[in-house]
1. Sort out which residues of segment 8-46 are closer than 17 Å to A71 by Cα, touching a residue at least 12 places away in the same chain (Cβ under 8 Å) and among the aliphatic types (A, V, I, L, M), and write them in order of number.
2. Can you go through I13, I68, I31 and tell me which one is of a type in the set (A, V, I, L, M, F, W, C), at pLDDT below 90, assigned to a helix (DSSP H, G or I) and out of contact with any strand residue (DSSP E or B) (no Cβ under 6 Å at 6 or more places or on another chain)?
3. Can you work out which of the residues in segment 137-170 that are more than 20 Å from S50 (Cβ to Cβ) and polar (S, T, N, Q) is surrounded by the most Cβ atoms within 10 Å (Cβ to Cβ)?
4. Quick one: is I55 surrounded by 15 or more Cβ atoms within 10 Å (Cβ to Cβ) and within 25 Å of L109 (Cα to Cα)?
5. Got a sec? Which of L73, L79 is in a loop (DSSP other than H, G, I, E, B) and of a type in the set (A, V, I, L, M, F, W, C)?
6. Just the residues that are touching a residue at least 40 places away in the same chain (Cβ under 8 Å) and polar (S, T, N, Q), please, taken from segment 84-134.
7. Search segment 1-27 for residues being under 23 Å from E57 (Cβ atoms) and of a type in the set (G, A, S), and hand back the single one that is farthest from the chain's Cα centre (by Cα).
8. For R5, are the conditions met, namely being at pLDDT 85 or above, closer than 26 Å to L106 by Cβ and assigned to a loop (DSSP other than H, G, I, E, B)?
Amino acid sequence: MWPSRDLAFVIIIAVATFVYSTLIGQLGNLITGIHGFNYLFIIGHAIFLSFGFLIYEGRRWRLLLQGIVGAFLTLATALSGTPFDHISKIPMILNSFFGDLIFNSLYSLFKKRNKLVWLAIIVALGFVLMMPLYVSLNMFLFYPPQALSMYISVYLLLFPVTIVETVIGGYLGFRIYERVKTIQ
(Lines give C-alpha, C1' and ligand atoms only; values in the text may rest on other atoms or scores of the structure.)
Protein backbone atom coordinates (compact mmCIF):
# COMPACT_ATOMS: atom_id res chain seq x y z
CA MET A 1 0.00 0.00 0.00
CA TRP A 2 1.31 3.41 -0.93
CA PRO A 3 1.42 6.15 1.68
CA SER A 4 -1.17 8.88 1.25
CA ARG A 5 1.67 11.40 1.04
CA ASP A 6 2.95 9.78 -2.18
CA LEU A 7 -0.54 9.69 -3.68
CA ALA A 8 -1.02 13.34 -2.78
CA PHE A 9 2.26 14.24 -4.50
CA VAL A 10 1.26 12.24 -7.59
CA ILE A 11 -2.10 13.99 -7.81
CA ILE A 12 -0.70 17.48 -7.11
CA ILE A 13 2.05 17.14 -9.70
CA ALA A 14 -0.35 15.64 -12.29
CA VAL A 15 -2.80 18.50 -11.71
CA ALA A 16 0.03 21.06 -11.93
CA THR A 17 1.07 19.44 -15.24
CA PHE A 18 -2.52 19.68 -16.44
CA VAL A 19 -2.77 23.36 -15.48
CA TYR A 20 0.54 24.12 -17.18
CA SER A 21 -0.52 22.17 -20.28
CA THR A 22 -3.85 23.96 -20.43
CA LEU A 23 -2.51 27.46 -19.96
CA ILE A 24 0.92 27.33 -21.63
CA GLY A 25 2.06 23.91 -22.84
CA GLN A 26 -0.41 23.46 -25.68
CA LEU A 27 -0.09 26.98 -27.11
CA GLY A 28 2.35 25.90 -29.82
CA ASN A 29 -0.14 23.46 -31.29
CA LEU A 30 -3.17 25.67 -30.76
CA ILE A 31 -1.65 28.76 -32.39
CA THR A 32 -0.02 27.04 -35.37
CA GLY A 33 -2.00 23.79 -35.68
CA ILE A 34 1.30 21.93 -36.07
CA HIS A 35 1.77 18.77 -33.99
CA GLY A 36 5.08 18.84 -32.19
CA PHE A 37 5.22 22.60 -31.81
CA ASN A 38 4.38 22.12 -28.13
CA TYR A 39 8.06 21.30 -27.59
CA LEU A 40 8.64 25.04 -27.66
CA PHE A 41 7.22 25.19 -24.12
CA ILE A 42 8.79 22.02 -22.70
CA ILE A 43 10.52 23.72 -19.76
CA GLY A 44 7.49 23.44 -17.47
CA HIS A 45 7.10 19.74 -18.16
CA ALA A 46 10.79 19.19 -17.45
CA ILE A 47 10.40 20.95 -14.10
CA PHE A 48 7.42 18.81 -13.08
CA LEU A 49 9.08 15.58 -14.26
CA SER A 50 12.37 16.11 -12.47
CA PHE A 51 10.72 17.43 -9.31
CA GLY A 52 8.22 14.56 -9.24
CA PHE A 53 10.91 11.99 -9.82
CA LEU A 54 13.09 13.36 -7.02
CA ILE A 55 10.22 13.77 -4.54
CA TYR A 56 9.32 10.08 -4.93
CA GLU A 57 12.89 9.20 -3.87
CA GLY A 58 13.32 6.15 -6.07
CA ARG A 59 10.06 4.42 -5.15
CA ARG A 60 8.69 2.53 -8.13
CA TRP A 61 5.57 3.25 -10.15
CA ARG A 62 4.86 6.72 -8.73
CA LEU A 63 6.12 8.33 -11.92
CA LEU A 64 4.02 5.88 -13.96
CA LEU A 65 0.92 6.77 -11.96
CA GLN A 66 1.74 10.47 -12.43
CA GLY A 67 1.94 9.88 -16.19
CA ILE A 68 -1.33 7.95 -16.29
CA VAL A 69 -3.21 10.56 -14.25
CA GLY A 70 -1.61 13.30 -16.35
CA ALA A 71 -2.64 11.54 -19.57
CA PHE A 72 -6.26 11.30 -18.42
CA LEU A 73 -6.33 14.89 -17.21
CA THR A 74 -4.83 16.21 -20.45
CA LEU A 75 -7.21 14.21 -22.61
CA ALA A 76 -9.09 17.41 -23.50
CA THR A 77 -5.89 19.34 -24.35
CA ALA A 78 -3.64 19.37 -27.38
CA LEU A 79 -0.62 18.35 -25.30
CA SER A 80 0.41 15.20 -27.13
CA GLY A 81 -1.97 15.24 -30.05
CA THR A 82 -5.54 15.95 -30.97
CA PRO A 83 -7.84 16.66 -28.02
CA PHE A 84 -10.12 13.78 -26.99
CA ASP A 85 -8.02 11.32 -28.97
CA HIS A 86 -7.26 8.41 -26.63
CA ILE A 87 -4.64 6.98 -28.96
CA SER A 88 -2.56 10.16 -28.80
CA LYS A 89 -2.12 9.71 -25.03
CA ILE A 90 -0.57 6.24 -25.31
CA PRO A 91 2.97 7.67 -25.78
CA MET A 92 2.67 9.58 -22.49
CA ILE A 93 1.85 6.39 -20.61
CA LEU A 94 4.58 4.36 -22.36
CA ASN A 95 7.11 7.11 -21.66
CA SER A 96 6.13 7.15 -17.99
CA PHE A 97 6.38 3.36 -17.74
CA PHE A 98 9.83 3.03 -19.27
CA GLY A 99 11.08 6.23 -17.62
CA ASP A 100 10.00 4.96 -14.22
CA LEU A 101 11.58 1.58 -14.88
CA ILE A 102 14.92 2.96 -16.09
CA PHE A 103 15.47 5.98 -13.87
CA ASN A 104 14.29 4.51 -10.58
CA SER A 105 16.90 1.81 -11.11
CA LEU A 106 19.56 4.53 -11.18
CA TYR A 107 18.25 6.58 -8.24
CA SER A 108 20.20 4.87 -5.44
CA LEU A 109 23.46 5.11 -7.41
CA PHE A 110 23.13 8.88 -7.85
CA LYS A 111 21.79 9.39 -4.32
CA LYS A 112 24.74 7.53 -2.81
CA ARG A 113 27.18 9.76 -4.71
CA ASN A 114 25.20 12.93 -3.92
CA LYS A 115 24.66 13.70 -7.63
CA LEU A 116 20.88 14.09 -7.71
CA VAL A 117 21.16 17.33 -9.68
CA TRP A 118 22.63 15.34 -12.58
CA LEU A 119 19.96 12.69 -12.26
CA ALA A 120 17.23 15.34 -12.36
CA ILE A 121 18.67 16.71 -15.59
CA ILE A 122 19.14 13.21 -17.04
CA VAL A 123 15.56 12.26 -16.15
CA ALA A 124 14.17 15.36 -17.85
CA LEU A 125 16.37 14.78 -20.91
CA GLY A 126 15.53 11.09 -21.00
CA PHE A 127 11.81 11.76 -20.96
CA VAL A 128 12.05 14.45 -23.61
CA LEU A 129 14.23 12.28 -25.84
CA MET A 130 12.11 9.12 -25.39
CA MET A 131 8.79 10.86 -26.02
CA PRO A 132 9.38 11.54 -29.76
CA LEU A 133 10.22 7.88 -30.24
CA TYR A 134 6.86 6.79 -28.81
CA VAL A 135 4.95 9.59 -30.56
CA SER A 136 6.59 8.70 -33.88
CA LEU A 137 5.76 5.02 -33.42
CA ASN A 138 2.19 5.93 -32.51
CA MET A 139 1.85 8.20 -35.55
CA PHE A 140 3.39 5.57 -37.80
CA LEU A 141 0.84 3.01 -36.66
CA PHE A 142 -2.34 5.10 -36.35
CA TYR A 143 -2.02 8.34 -38.36
CA PRO A 144 -1.40 9.35 -41.98
CA PRO A 145 2.25 9.53 -43.10
CA GLN A 146 1.99 13.31 -43.57
CA ALA A 147 1.35 13.78 -39.83
CA LEU A 148 4.45 11.76 -38.96
CA SER A 149 6.58 13.63 -41.49
CA MET A 150 5.45 17.01 -40.19
CA TYR A 151 5.98 15.95 -36.57
CA ILE A 152 9.54 14.78 -37.22
CA SER A 153 10.36 17.94 -39.17
CA VAL A 154 9.07 20.19 -36.40
CA TYR A 155 10.76 18.14 -33.69
CA LEU A 156 14.13 18.30 -35.45
CA LEU A 157 13.70 22.03 -36.00
CA LEU A 158 12.97 22.62 -32.30
CA PHE A 159 15.51 20.09 -31.02
CA PRO A 160 18.17 22.61 -29.85
CA VAL A 161 15.57 24.72 -28.03
CA THR A 162 14.06 21.61 -26.50
CA ILE A 163 17.40 20.40 -25.14
CA VAL A 164 18.30 23.77 -23.62
CA GLU A 165 14.86 24.19 -22.04
CA THR A 166 14.93 20.63 -20.72
CA VAL A 167 18.32 21.05 -19.04
CA ILE A 168 17.16 24.30 -17.44
CA GLY A 169 13.86 22.70 -16.41
CA GLY A 170 15.64 19.68 -14.89
CA TYR A 171 17.89 21.97 -12.89
CA LEU A 172 14.95 24.10 -11.71
CA GLY A 173 13.08 20.93 -10.72
CA PHE A 174 16.09 19.93 -8.61
CA ARG A 175 16.22 23.37 -6.97
CA ILE A 176 12.51 23.16 -6.12
CA TYR A 177 13.09 19.67 -4.70
CA GLU A 178 15.91 21.00 -2.52
CA ARG A 179 13.60 23.71 -1.19
CA VAL A 180 10.75 21.31 -0.50
CA LYS A 181 13.07 18.74 1.06
CA THR A 182 14.28 21.25 3.67
CA ILE A 183 10.66 22.15 4.56
CA GLN A 184 9.58 18.53 5.14
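The values are calculated or read from the model by the stated rules, or taken from the named source; none is laboratory data. Since this is a predicted model, take the numbers as computed values, not measurements. Ideal geometry is used to build each Cβ from the backbone, glycine not excepted, and the neighbour counts take in all protein chains shown.
1. Once the filter is applied, which keeps residues that are closer than 17 Å to A71 by Cα, touching a residue at least 12 places away in the same chain (Cβ under 8 Å) and among the aliphatic types (A, V, I, L, M), segment 8-46 yields V10, I11, I13, A14, V15, A16, I24, I42, A46.
2. On the way: I13 fails: at pLDDT below 90; I68 fails: at pLDDT below 90.
Selected residue: I31, the only one of I13, I68, I31 that is of a type in the set (A, V, I, L, M, F, W, C), at pLDDT below 90, assigned to a helix (DSSP H, G or I) and out of contact with any strand residue (DSSP E or B) (no Cβ under 6 Å at 6 or more places or on another chain).
3. N138
4. yes
5. Numbers: L73 fails: in a loop (DSSP other than H, G, I, E, B).
None of the other options fit; the residue is L79.
6. S88, N104, S108
7. Filtering segment 1-27 for residues that are under 23 Å from E57 (Cβ atoms) and of a type in the set (G, A, S), the one farthest from the chain's Cα centre (by Cα) comes out as S4.
8. Values: at pLDDT 85 or above: yes; closer than 26 Å to L106 by Cβ: yes; assigned to a loop (DSSP other than H, G, I, E, B): no.
In short, no.
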